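Here the structure comes first, spelled out in structure tokens, and everything after it is commentary.
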Amino acid sequence: MEELIACRFINAKLMTAKQIGHLLTRYFFFAWVEQILVYRKWANKNQWHSACVKGFAVLLAVIVGECCWWLAAVGQITISNWPLPFFMIMFTLNLFFIGIFKFDGIFAVPDRIGLLHSNEPLSFTEVADPRENSFVLGDRGKEHGGYYWMDWLSPTQEQHFRIVGGVSYGRDQLKRLLLRNSFVSPTIAFMCDWAAYSGESFADFIGTKGIIVVEAQHQIAKAVDFVYEIYSERYSLRSKRDEYDNSIRILLFIDEDLMELLEHPEADAPTSMQKTGAQLRELATCAKTHNIHIIAYAKPNRLPNSLESELQAYFKDIVYSYQARVQTPEGGFATIESKHPPFYSVAAVRHQHETYVMKIPTVAEAPKAWIEAQFESFGEAVHDMYADAMRHCSKGKYEPREKREIIVGGETVKANEWQKAEAA
């Protein structure tokens, strides 16, 4: 009996300690720290800077304001009366920092669940900054886990992208987001547009350094051939086949007709393009682990998970809203609609037999100037590969940037000065 009473007493003490701990972490300084750390991981640099400036200003204003009011209304703060002004300061700071009575605090992560049922766009400037090998593909709202991160080199996200669904729901915006998030580290992009006057268009990026846009059939074949050669070189140099390659990232965008060619290399395709179709198919099944990524656009009448079984495992469908007429087993026709809400930039991503509905961030304009600035900051290997690709694809002359300094005769000199001296 005594042991039972003792156990109940201990449990009561533990419950009291938990309640006090919950109180501390919910309404006092510890909650600020927790919320600030969560916000730090969630926000981008601009959001973090803005919140910190606002937080510091509120902190200073509350402390100074409360102290001045106390001194004017009551008098000096003494050892005997300090708990009351301290409590007032803490209450006011909690109101601003944590949020009370359904008021969001300064460092509160907003819930964007409403955007899943709205045409209001989510700008890429309102999500976390991309990292070297990962980026935010979408926001699912707090209830469903918040950000959905994609990792270019993750073995658990080993699929290429296939964009499916209606063209009027923002699917054409996705290429801008993928390019914007990829060029934070050494990257070269190839954009192949076989049906240049219909379907998906890559015209916004023509002439952008770091990106090669090809539309003519022979140039498309050369571009795919160049990427295939890079893949073959990386494959032959790999010593450990189960590790991911961290070489220069290559993005290969292909339009709807090339995606059909990838799936059926020998069906209704010119003989000269059958080799290209076979190369695309091998790149789809083998190149992902070598940091070569295919971003393919499906024809509007193609449904999610409609690839043949051999290819299905290699592509992650990013499904925008759609309506499609299909033939029923009974012989008639029926209309199939996407299960997720038909709103702008709302897409469903299927991964490992699970579907995640999210708001895809949008990039309003083609970030050509930003991409070129990033490309200029990359090392010589990227520029040399880009120059080789330009020559291989017959896209005109490209002079890779000169090395800043080279060593000649044991001395460090500017590369262009040494070349001028040699010419003289």
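Every number in this text was worked out from the coordinates using simple rules, so none of it is lab data. Just so we're clear, the structure is a prediction, and the values are computed from it rather than from any experiment. A quick note on method: Cβ atoms are made from the backbone with ideal geometry, for glycine too, and the neighbour counts reach across all protein chains shown.
General observations
- Overall form of the stretch 102-177 per C-alpha gyration tensor (a/c, 1.5; a/b vs b/c): oblate
- Here the mean projected area of the convex hull built on the C-alpha positions of the stretch 115-392 is 15.3 nm².
- As a proxy for reagent exposure, 316, 102, 45, 288 were ordered by neighbouring Cβ count within 10 angstrom, fewest first; the result is 102, 45, 316, 288.
- The C-alpha radius of gyration of the stretch 25-148, expressed as a fraction of 2.2 N^0.38 Å, stands at 1.34.
- Peptides 161-167, 346-352, 380-386, ordered by how many other C-beta atoms sit within 10 Å of their residues on average, highest first, read 161-167, 346-352, 380-386.
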